[in-house]
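Contents: one structure, followed by commentary.
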């Protein structure tokens, strides 16, 4: 599923893709920046991969617009998603996050960020990096990925895992083929193009 949209056109029952939805927006809209510069592009930095996972987890039950509007606040609140720092968060940092109106104040989601940072540190120790762990398991079907993520991380349901993997290039489908960004992503050789890296 492309983002959480698949907006139905108001005049008929045709389903609009995320790309088509973004094409109707003002160029300053947060979705335009995300669609054109981030969505579907491979990420090779573990902290940025972790950031994307945490943002996807926080989107659960909310709109992606809400997350994009709060994105800068999330980066500030979570120390730029430095995995080592977040993994060492104690009660003081947890309480600070619970009182930060600039992010999503949800106990389960905040706890998932901290626990998932700890898990990524273990994966880094075993595989060399979070990215290498993903590469090690690639390719998988969406269902296989969801099972693996549920066994490995906290708060990772089907839609969260699907969007995380599409948004980082491990599963195809982020953009329709006629989208100009699709060609830009192909140049970056996302994992879904190459099979096993």
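What follows is calculated from the coordinates using simple rules that are stated; it is not laboratory data. None of the values given here were measured: they were computed from a predicted structure. Here the Cβ positions follow ideal geometry from the backbone for every residue, glycine too, while neighbour counts run over all protein chains shown.
For a protection proxy built on the mean count of beta-carbon atoms within 10 angstrom, sort 54-63, 82-91 highest first, please. Kindly include the intermediate steps, with their values, before the conclusion.
Numbers: 54-63: 19.7, 82-91: 15.5.
Ranked from most to least packed, the peptides come out as 54-63, 82-91.
Taking the average, over residues, of other Cβ atoms within 10 Å as the packing measure, peptides 120-129, 43-52 rank 43-52, 120-129 from highest down. With both labels modelled 7 Å from their Cα along Cα-to-Cβ, the residue 151 to residue 76 distance reads 4.1 nm.
Taking 0.36 nm per residue of separation and subtracting the current Cα-Cα distance, fully stretching the chain between residue 184 and residue 88 would add 30.8 nm. Relative to the longest principal axis of the Cα atoms of the chain, helix 158-167 runs at roughly 70 degrees. In terms of overall dimensions, the chain has a Cα radius of gyration and Dmax of 16.8, 53 angstrom.
Tell me, what is the percent relative contact order of region 30-116, built from C-alpha pairs under 8 Å that lie six or more residues apart?
On the way: 57 pairs, mean separation 24.2, N = 87.
RCO, region 30-116: 28 percent.
Only helices enter the 222 nm calculation for the chain: every DSSP H run of n ≥ 4 contributes -39,500 (n - 2.57), and dividing by all residues gives -17500 deg cm²/dmol, rounded to 500.
For the chain, relative contact order (Cα pairs under 8 Å, six or more residues apart, normalised by length) works out to 27 percent. Among 161, 146, 187, which one shows the highest mean-square fluctuation when the chain is modelled as a Gaussian network with alpha-carbon springs under 10 Å? Maximum among the listed residues: 187.
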